Every structure is written in C-alpha cells, then in structure tokens.
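Below: one structure, written as structure tokens.
Computed from the coordinates by the stated procedures, all read-outs in this text should not be read as laboratory data. Small disclaimer: the values here were computed from a predicted structure and weren't measured.
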Amino acid sequence: MIRKLLLSLLLVLALLALAGALLAAEWQRRWQVPLAIPDDGFVLQVAAGDSLRTVVDSLHRAGILAYPRVALLYGRWTGADQKIRHGEYQLEREITVEQLLLLLQSGKVIQYQVTVPEGITLSRTLEILADKEELVGELHGREDPRILELVQPYAAAEGLFFPDSYHFTRGTTDWQILQRAHAKMVSVLEEEWAERAENLPFETPYEALIMASIIERETGLPEEREEIAGVFLRRLQRGMRLQTDPTVIYGLGDKFDGNLRRRDLRDETNPYNTYRHKGLPPTPIALPGRAAIHAAVHPADGEALYFVARGDGGHVFSASLAEHEKAVRKYQLQRRKDYRSSPGQASSVPDSSRQDPQARKE
C-alpha cells in the first residue's frame, strides 16, 4: 500500500515537474519572440507619466507585442516598470521584450536636428525653427519680449545667436533652441575676444561681432576671411567709410527687391548705409560663425583698402583707389556670363562686395 502511494506521489511530482518544464519553456519562448515590428521600424511615444502597463497595452493593441503579460511580469520582477523614461523610441526589427525594456530604461530617444546656417538673419533663423515640425513653437517673431530680455544689455538681438546644428528631442521648443544658440554665441565670442590680436579698432566684443557679421556676408571663399577683415579694419583705423553693400541691404529690409541701386547707396536715412555713415553699423547684420569672428579679431596684415568680386567667388584686393577702379572696370562693369558672388552659386543680383567707384571716393 505504501509502495503504491509512493509511486503515485512520484508520478504526480513527475507530472508537475513536466508541467513546470513545459510552462517554463513556453515562457522562455514568449520571452524570446521578437516584436512584430514593420520593415521600416516603429516609433514608440512614451508620454511623461506613462506606466509600463500603458506602454505595453498600446504595443499590444498595435499588434506589435504578442505577449504583454510577459513584459509586465518581468518589468515588475526587475523593477524596470519604475525606471522607464518618456520620449520617442525607434523600435527596430528583431527587438525582443528584454531589449525593449532595456531601451525604455536607457532614455536613448530619437534625436532630431535643426541647422542654422552661417550668415543668415535672426528673422530667417526663426523661420527655420518654425518650419521644424518636431519643435514646439512658442516664439512670436524677433520682437518677442523673451528674446529681447535674453540679449540684454543689448537693445537689438541680431547676430547674438550662434549658427550651428542643434540636436533635440520631440517636444523641445524653439525658445529652448534659441537659448542654446545664444549661450553658445556668448561663449564663442568670449573665447575669441580673449585671444584677440593687438591694436584692433574695437572697444568691446560686441563691436567685433558687428564686424564679424559683415565679414560673414562679404566672404565668398573661406580663405579670404582674414584678408577681407584686414581691409575693413584698416578703413576703420584710417577713418574711412566701410562702404559695404550687405549693410545697406540689411538696412533696406523688406524694401530690398534684389537690386541695389545708386539711390540706395546715397540714402543717408538708412543707419546701416556705410557708404554715407562712418564707423560700424548700429548692430550686426547676420549671424556670424566662429571663423568670421576669428577673422574679425585676427585680421591679415597688408595694405589693401579695397576689394571687388572676380565673379568666381573670390576677390581682387587693391591698395589704391586707382587699382581698385581698374579692377571694377574689369570684373564688374563687364561681368562674365557665369558670374557668381560665391563659389557654386550664380549671382542674379549685384554682388554684395561690388564697389561703386564714385561712392568710394573719400
């Protein structure tokens, strides 16, 4: 009798062991089954405050996660359910439940990028940010009070934001990107100003920034930045007018139709008309990059006081007005058909460094 009972108990234990083994095997199979991710991947959005159950349920409803209970039980057992981080996650094919939970704890969310090119204006920068659909728009134009407060003590915000590529996650605001751009400009300007050359005609870093913005707009070839800077700085030191088209164009604003006319160069009401007003314009005219800022505080030595575009992106530099007028006649008054003011780009408007011989006479 006892023997039969022992045999029965052993049989029950064997059946339980077999059932446990089969159950464990099934759980292991479900654990290792890849999520049903489409060929082009799947973007999972985890909102702030979402629980693991919320995420798992959404994946199950979408047909991505076949066994939600496996993920929930493992998440609770390991504490992963308390560590998930919100954001957008890119789920790739063949990802398993374990890899999913590790990803949700890592915070490796999708990164987007917005590029602010060198030489554009603040208004154009705000347009670029507004066009980026992953950014949340908060700003209301360049006169937004937050912008003006950010750049204090300066009365104008132009030029005070660093042109660069900025990475961000969905939900970031345009205001946050602009704050980062301003902080970087302040940092770069401080660094370059601290290492500036001697005997510059600038009293403040802001004046150097104004000059850098002009250099940025005038430069067709990167290797000419320091030489162009040298021309402008020598003109300042000698009390000559800068006489540069980009400042006039900036002052014209929306009135500029792509054609800079002689009457524009003679307009004394335009405070940015450096053909009529001596010294630097009131503010920067664009967002200069580090190279232009470096050139402004490290100008090339030389005697040149003038330059004119050749039409291939580069310039001819002259030390005398007579040499300059000769270059103007050669390169500006008889322009080549493929004339361009910068490398690789045809110019459909007067070149930004075109010099008017009559306006040039001091």
Q | Approximate shape of region 112-190 as ellipsoid semi-axes (Cα gyration tensor, √5λ), whole Å, largest first | A | 19, 14, 11
Q) With θ set to phi - 60° and the Karplus curve 6.51 cos²θ - 1.76 cosθ + 1.60, what are the ³J(HN,Hα) couplings of region 279-285 in order, to the nearest whole Hz, using x for Gly and Pro? A) x, 6, x, x, 9, x, 10
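Per 0.36 nm of contour for each residue apart, how much would the distance between Ala66 and Glu268 grow if the chain were fully extended, relative to their Cα-Cα spacing?
Values: separation 202, 0.36 × 202 = 72.72 nm, distance 7.41 nm.
Fully extending the segment from Ala66 to Glu268 adds 65.3 nm.
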Q. Residue by residue, what Karplus-based ³J(HN,Hα) values in Hz, rounded to whole numbers, does region 110-115 have, using 6.51, -1.76 and 1.60 with θ = phi - 60° and x for Gly and Pro?
A. 5, 9, 10, 9, 10, 10
Q. Dimensions of region 114-251 along principal axes (Cα, Å, largest first)?
A. 51, 27, 26
(Q) Amide H of Thr173 versus every other amide H placed in the peptide plane: which residues, excluding those fewer than 5 positions away on the same chain, fall under 5 Å? (A) Val136
**Q.** Amide H contacts under 5 Å for Ile95, placed H, 5+ residues apart
**A.** Leu35
**Q.** Built amide H within the under 5 Å cut-off of Phe42, gap 5+
**A.** Leu91
(Q) Apply the Karplus curve 6.51 cos²θ - 1.76 cosθ + 1.60, θ = phi - 60°, to the phi angles in region 121-136 and return the couplings in whole Hz, x for Gly and Pro. (A) 8, 4, 4, 5, 4, 5, 5, 4, 5, 5, 7, 7, 5, 6, 8, 8
Q.
What is the ratio of the Cα radius of gyration of region 51-167 to 2.2 N^0.38 Å, with N the residue count, to two decimals?
A. 1.57
Q | Once the Cα gyration tensor of region 54-99 is diagonalised, semi-axes √(5λ) in Å | A | 16, 13, 11
